[in-house]
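Comments concern the structure below.
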Amino acid sequence: MPAPSSADDPNGAIVAAWRAESARLVGALTRMTRDVALAEDLAQDALVAALEQWPVTGIPGNPSAWLMTTAKRRGIDHFRRAEVLRRKVTELAHADRESETQMPDLDAQVDHIEDDVLRLIFLSCHPSLTPESRAALTLRLVGGLTTAEIARGFLVPESTMAQRISRAKKTLSSRRAEFELPTGPARTERLDDVMAVVYLIFNEGYAATSGADWMRPDLAHEAMRLARMLAALAPDEVEVLGLQALLELQGSRIPARLDADGTPVLLEAQDRTRWDQLLIRRGLAALARAETIAERGTPVGRYFLQASIAAQHARAGRPEDTNWRRIAALYDVLASAAPGPVVEVNRAVAHGRAFGADAGLVILDELGEDALGDSPLMPSVRGDLLERAGRRDEARAAFTEAAARTRNDGERAILRRRAGALG
């Protein structure tokens with residue numbers, strides 16, 4: 001009996017359409033209504049309508065357009081009700097404020113041809129919000145993550161995250177935040193936050209913080225798309241080009257990060273012929289443009305330097321061809337430009353490959369065991385370096401500790417496999 005097609009699975013079609021289009025849907029509705037909370041409510045209403053109707057009427061030919069049309073109609077109904085109420089209040093108060101409260105023309109705006117996702121991400125990174133709220137709101141509206149998934153990523157209760165997201169939307173409404181791309185100094189001020197959030201979305205897609213899936217490629221590819229949009233918006237910004245290069249060079253490895261059985265594969269064991277060559281070419285081209293601008297004296301930062309590191313891997317046809325000494329030198333510069341414990345742990349990896357495992361262990365020892373809290377990164381890197389140094393028992397204990405810390409099933413399987421191989 002053949003497997004059911006998407007036409008036989010309305011719930012699967014709804015999930016696929018929602019994942020692909022939720023950010024664009026909320027973005028377009030925000031532009032129409034000028035209210036991000038209302039826009040998300042209308043989008044959710046359309047989702048509920050699909051859940052109710054598609055199993056009965058069948059999957060529409062264009063699911064995304066169906067969701068948009070349904071949400072638009074709900075919006076028109078909402079504003080018509082509001083307009084009726086406004087008129088009654090106006091009549092009672094003998095005041096004419098029609099110009100201030102005119103109902104938006106959603107029919108005229110729905111076919112507005114431009115990408116609203118970028119506007120939505122700039123809105124989510126409004127300076128009136130805290131850094132935590134910016135990231136959470138962007139992951140909710142742009143990344144399409146559920147409140148529960150975001151809460152796990154930030155290590156807070158779901159109720160706390162729900163309140164944080166709700167407060168963020170209310171803040172944007174009370175501040176009458178504009179749904180327009182900022183220009184001049186305002187754009188420059190917000191650009192760093194936007195890049196940080198795009199990078200956060202990519203990382204959640206490239207290596208999920210929790211759950212059964214090691215990766216969420218849909219999120220990673222959406223982040224790459226956003227990075228390309230940012231590069232088109234700011235083509236002379238070294239760091240924006242660096243971000244695009246970094247995400248595309250790292251994203252090129254996604255096809256090789258799982259084997260045929262769905263088992264995670266680490267970098268050195270990946271079949272590099274499966275790396276996406278189009279993404280590599282795009283990433284290297286963006287990095288070359290950034291290098292040309294940097295040669296004029298423009299300062300470089302963490303995204304440019306990380307992209308330069310990723311390029312060393314992309315240019316190596318085999319793992320043994322990797323220029324680890326060059327990577328170690330780049331990490332030394334990155335540690336000065338953007339110091340932090342995660343950079344130091346990765347610097348330890350690079351030095352361990354370039355100059356021997358003991359060199360990497362020295363960096364970890366200087367950093368301290370608790371530098372990353374209960375993250376599995378520190379013990380997993382320590383285990384790798386100890387294994388390379390021939391200290392098998394210590395390496396096994398480190399991998400076992402890292403496996404106990406991770407909340408991702410794929411990563412846990414890798415760590416347990418490496419611990420088991422040592423004894």
Flag if residue 305 is touching a helix residue (DSSP H, G or I) at 6+ places or on another chain (Cβ under 6 Å), among the hydrophobic types (A, V, I, L, M, F, W, C) and touching a residue at least 40 places away in the same chain (Cβ under 8 Å): yes
Going through segment 174-185 in order, the residues found to be of a type outside the set (D, E, K, R) and exposed (fewer than 14 other Cβ atoms within 10 Å of the Cβ) are 174, 183, 184, 185
Here the qualifying pairs (Cβ atoms under 6 Å; residues six or more apart or on different chains; first in segment 359-373 and assigned by TED's automatic domain parsing to the domain that holds residue 331; second of a type in the set (A, V, I, L, M) and surrounded by 15 or more Cβ atoms within 10 Å (Cβ to Cβ)) come out as 360/348; 360/385; 361/385; 363/348; 364/348; 372/378
The condition from (1) touching an Asp or Glu at 6+ places or on another chain (Cβ under 7 Å); (2) farther than 27 Å from residue 258 by Cα; (3) of a type in the set (A, V, I, L, M) that residue 212 misses is numbered (2)
The residue that is modelled with the highest pLDDT, considering only those in segment 335-344 that are within 22 Å of the chain's Cα centre (by Cα) and part of a helix (DSSP H, G or I), is 343
Filtering segment 209-238 for residues that are more than 17 Å from residue 20 (Cα to Cα), part of a loop (DSSP other than H, G, I, E, B) and within 14 Å of the chain's Cα centre (by Cα) leaves a count of 1
The correct count of residues that are of a type in the set (S, T, N, Q) and surrounded by fewer than 18 Cβ atoms within 10 Å (Cβ to Cβ) in segment 313-355 is 2
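Matching residues to (1) modelled with pLDDT of 80 or more; (2) assigned to a helix (DSSP H, G or I):
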{"position": "86", "(1), (2)": "no, yes"}
{"position": "122", "(1), (2)": "yes, yes"}
{"position": "133", "(1), (2)": "yes, yes"}
{"position": "136", "(1), (2)": "yes, yes"}
{"position": "153", "(1), (2)": "no, yes"}
{"position": "156", "(1), (2)": "no, no"}
{"position": "160", "(1), (2)": "yes, yes"}
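The values are calculated or read from the model by the stated rules, or taken from the named source; none is laboratory data. What you see is a predicted model, and the numbers here were worked out from it, not measured in a lab. Don't worry about glycine lacking a Cβ; one is built from the backbone with ideal geometry, like all the others, and counts go over all protein chains shown.
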